[in-house]
Structures are given as structure tokens and as C-alpha cells.
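The values are calculated or read from the model by the stated rules, or taken from the named source; none is laboratory data. Everything numeric in this text was worked out from a predicted model, so none of it was measured. With ideal geometry, Cβ positions are generated from the backbone for all residues, glycine too; neighbour counts draw on all protein chains shown.
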Amino acid sequence: MAERTTALLARPRRPDDPGPGPAGLPLGLLRTARPRQWVKNVLVVAAPAAAGELFSPGALRHLGLVFALFTAAAAAVYLINDARDADADRAHPTKCHRPVAAGVVPVPVAYATGALLAVAAPAAAALLCTPLTAGLLTAYVVMQLAYCVSLKHVLVVDLAVVTTGFLMRAMIGGVALGIPLSRWFLITTGFGALFMVSAKRYSEAVQMAGRAGETRALLTEYTTGYLRFVWQLAAGVAVLAYCLWALESGGTGLLPWRQLSMVAFILAVLRYAVFADRGTAGEPEDVVLRDRALALIGLGWLAMYGLAVADW
């Protein structure tokens, strides 16, 4: 215990580290909830936007509620995951600064707060949303907690579970509004998520070469060649599915926006693959927000995709 305390005190503190003590606990809990990763939950608007129902009566109100509930559910998972992985995170060059690993948030507090949110989010969904929405959110929480406990140690299944978490985010907005989910939407979203997840795993394996087992035991069972194969395969399937959607039918507007959006989509995948190939594709939101070219490509794709949806 003394050695652990000495190590925590000796570790350089980041500027945004609130430090130990009662004053730092609320900020530590907030940081553990990963505010920067809340951008992932914007995926709840994907299905309604793709169907052209984003601005239908009551849609934004329902989607705002679903976003908040999914954020709470994801925060529960992050808290419990960090509590379980505190020892392993201390060996990681960046994860060692997480509040639980750094000792800012005590492990019991992280467990208790996570458990409270894990129960409260699905319960609120059952009261305020449709039964299918509550069921999907409950399934997300159960699956992600199972991942924290055991599935993260099962080869390939760990990739599938994280990918499914992204897919559930994209599905729940359509489920909440009763919008049928397109097969192309599900395929593109699913394999696009697998592309980013496996690219992140590949990058972690490259960066932690020789020390992968210290931070994520399963990384020692993957080879970089296999992870490279997975992200390349996933990128190919996502691009193919998107192109099949774009070529399925044409609009009636001045320009074929559906087909033109393929160019931006493919460029975005190719740009992201640069970071994957270098082994620097960490958190997807960090890659997108820090690379100006990728952000501009994304905005261009978003504009063309919106025009394509409006042209249906």
C-alpha cells in the first residue's frame, strides 16, 4: 500500500488533474465519465437523420432524452471499467492519469456511482421512453458490464462487443422514434465501427509493443498482422455497403448527391486509415477532432449526405 501511494505521489500530474481530496472528487467522477467521448452518443441521431425524420415533431426532444440516458449508461460502464482496471491502467503511459488509477476517485466510490447510473438509466428509459428503447438500453448496459467483467478477455468477442456498442448507439434513435432501420445503414455503421475499434486496438498493440500485457492482457494474443487484417476488411465492407446504398437509386435534384457523397466517404476512410497504418489511431473522436483535413472531409460528406436525404 505504501509503495502504491508513493508511486501515485511521484507521478507527474497533468494540468487538468484535480488532485486527490474531497474537492477533486466531483471533478474526478466527471472526468471518469469521459465528457470528450460523449460525442460518440451523437450517433443517436444517425438513423433519424438518414431517414429524413430528424426535424419531425417531437423528434429532437425524444433524441435529447435518449442522448442523456445513453450518456448516463455509458458513464456507468466507464466508472465500473476504470474501477476494475485501476491496477492495469497505472502501467499505461496515458491511462495512468485516469482519476481512479491516479487515486483521485476511490475504487469503491467509482463502483457505487457506476452501479447507481447502471440502474437509473434503464429505469428512466422504461418510464420515459418506448419499451423497445428501454430494452435496447438495458441490453447495452448488460452487454458492456459483461464486457468489463469477462468478455474483454475473449479473443475476437471483445472486438464484436465494442463494435456492437457503437451500433446500438446508432440504432437507438431510430428505435425511439419508431423508424425502420435500413439494412445498408446497419451494415455501414457496423463495419465502420469495427474499422475504428480494430484500428484502435492495432494502434495500442503497436505503441505498447513488448508491454501490451501490462495494459490489456488480450493484446498479447492478437498479432499486429491480424488486427491490420481486421481493420482493412472492415473498412472495405463499410465502403462497399455505402456505395451500394448510394448507387441503389438516384435523386431528382440538380446533382446526384447520393453518388457524390461516396467520394467524401471513401476519402474519410482513406484519411483515417493513414493514422491506423501509423499506429496512431487512438480514440476515434481524438483522431477526427485533431485532424483538420479529416474534419473538413467529414463536413463535406455531411453536407452531401444531408442533401441526398433531402432529395429522396
Picked from region 136-166 (must be among the polar types (S, T, N, Q) and closer than 22 Å to LEU116 by Cα), the residue surrounded by the fewest Cβ atoms within 10 Å (Cβ to Cβ) is SER150
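Looking at the structure I just gave you, is LEU244 at pLDDT 90 or above, assigned to a helix (DSSP H, G or I) and over 29 Å from ARG36 (Cα atoms)?
yes
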request  = Test VAL77 against the stated conditions and say whether it is of a type outside the set (Phe, Trp, Tyr), within 20 Å of VAL39 (Cα to Cα) and part of a helix (DSSP H, G or I).
outcome  = yes
Original post:
If we scan region 82-102, do we find a residue that is under 25 Å from TRP231 (Cα atoms), assigned to a helix (DSSP H, G or I) and modelled with pLDDT of 90 or more?
Top reply: no
- Does PHE166 count as modelled with pLDDT of 95 or more, aromatic (Phe, Trp, Tyr) and touching a Leu at 6+ places or on another chain (Cβ under 9 Å)? no
Screening GLY24, GLY28 for residues that are in the same structural domain as ALA115 (by TED's automatic domain parsing), modelled with pLDDT of 80 or more and over 16 Å from ALA121 (Cβ atoms) leaves only GLY28
message: of a type in the set (A, V, I, L, M), part of a helix (DSSP H, G or I) and out of contact with any helix residue (DSSP H, G or I) (no Cβ under 7 Å at 6 or more places or on another chain): is that true of VAL269 in this structure?
response: no
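Look at LEU117 and say whether it is aliphatic (A, V, I, L, M), closer than 25 Å to ALA238 by Cβ, crowded, with 18+ Cβ neighbours inside 10 Å and within 19 Å of the chain's Cα centre (by Cα).
Criteria not met by LEU117.
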(1) at pLDDT below 85; (2) over 27 Å from CYS148 (Cβ atoms) all hold for HIS62 apart from (1)
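Listed here are the residues, each with its yes/no results for (1) part of a helix (DSSP H, G or I); (2) touching a residue at least 40 places away in the same chain (Cβ under 8 Å); (3) within 22 Å of the chain's Cα centre (by Cα); (4) within 24 Å of SER203 (Cβ to Cβ).
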| residue | (1), (2), (3), (4) |
| --- | --- |
| PHE229 | yes, no, yes, yes |
| GLU285 | yes, yes, yes, yes |
| TRP301 | yes, yes, yes, yes |
| GLY306 | yes, yes, no, no |
The helices (runs of 4 or more DSSP H) lying entirely within region 108-227 that contain at least 2 residues which are outside the structural domain of VAL77 (by TED's automatic domain parsing) are 183-207, 212-215
Being more than 19 Å from ASN41 (Cα to Cα), of a type in the set (A, V, I, L, M) and touching a residue at least 60 places away in the same chain (Cβ under 8 Å) narrows ALA268, ALA281 down to just ALA281
